[in-house]
Amino acid sequence: MLVDSFRFLPRSFAPMYASATPMEDESDPVWAPFEPRLAEATIGLVTSAGLHLEGEQEPFDGERERQDPMWGDPTWRQLPHELSGGGRRIGMTHLHVNPADILADHNVALPTDTLDQLVAEGVVRAPTASHASVMGYQAAGLEVWRKETAPAIISMFRDEGADGVVLAPV
């Protein structure tokens, strides 16, 4: 089956991303089969909305993005699964996305309540204790993302016993 990676993106994105090649030291496959049954799996979430906890975490670097709109902050934020209640507020830094709906309901970009519903229904065993937030709109082939950010996120999910991860792109 042919997958059109640019189906929902502006065609101007294709030249930036279509020709991305592996780095010299990358030899492992970028795809791995999902082995456990979903009902026996612990699932983590990754959002590309640039979410952070207001007053607890540094926001993503929106100033640099304003200066260079083709740049995206390659860092990440660890977010707790429990985001509702407790007085915690979500902040968002992403100049390419209108934050209004996401700030009104984080589930638009980080569907923790939906994951909880799937757990309650027995479809999924459990959520991870934490999820990951990154800023989308990353440059193709960004070395820091490949060598630092992604490995750190993977390490967190492994430490939390994740069997799989769902990407919630915005």
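Condition check ((1) at pLDDT below 85; (2) within 23 Å of S130 (Cβ to Cβ)) across all residues:
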{"residue": "S5", "(1), (2)": "yes, no"}
{"residue": "P33", "(1), (2)": "yes, no"}
{"residue": "G55", "(1), (2)": "no, yes"}
{"residue": "E58", "(1), (2)": "no, yes"}
{"residue": "W71", "(1), (2)": "yes, no"}
{"residue": "Q78", "(1), (2)": "no, yes"}
{"residue": "R88", "(1), (2)": "yes, yes"}
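Please verify whether region 33-53 includes one or more residues that are of a type in the set (D, E, K, R), more than 20 Å from the chain's Cα centre (by Cα) and part of a loop (DSSP other than H, G, I, E, B).
yes
Restricting to region 117-160, name every residue that is among the hydroxyl-bearing types (S, T, Y), outside any helix (DSSP H, G or I) and either out of contact with any Leu (no Cβ under 6 Å at 6 or more places or on another chain) or surrounded by fewer than 17 Cβ atoms within 10 Å (Cβ to Cβ) (or both).
T128, S130, Y137
Name the residues in region 103-116 that are of a type in the set (D, E) and either part of a helix (DSSP H, G or I) or under 16 Å from the mean Cα position of the chain (by Cα) (or both), would you?
D113, D116
Can you find, within region 90-101, the residue that is nearest to T128 (Cα to Cα) among those that are in a strand (DSSP E or B) and aliphatic (A, V, I, L, M)?
Result: I90.
Looking at P74, P69, which is the one that is over 24 Å from A41 (Cβ atoms), outside any strand (DSSP E or B) and in contact with a Ser or Thr (Cβ under 8 Å, 6 or more places away or on another chain)?
After applying the criteria, what remains is P74.
Taking the conditions exactly as written (crowded, with 18+ Cβ neighbours inside 10 Å and touching a helix residue (DSSP H, G or I) at 6+ places or on another chain (Cβ under 7 Å)), does T114 satisfy them or not?
Criteria not met by T114.
The values are calculated or read from the model by the stated rules, or taken from the named source; none is laboratory data. Quick caveat, the model's predicted, so the values are computed rather than measured. In this analysis, Cβ positions are derived from the backbone assuming ideal geometry, glycine residues included, and neighbour counts consider all displayed protein chains.
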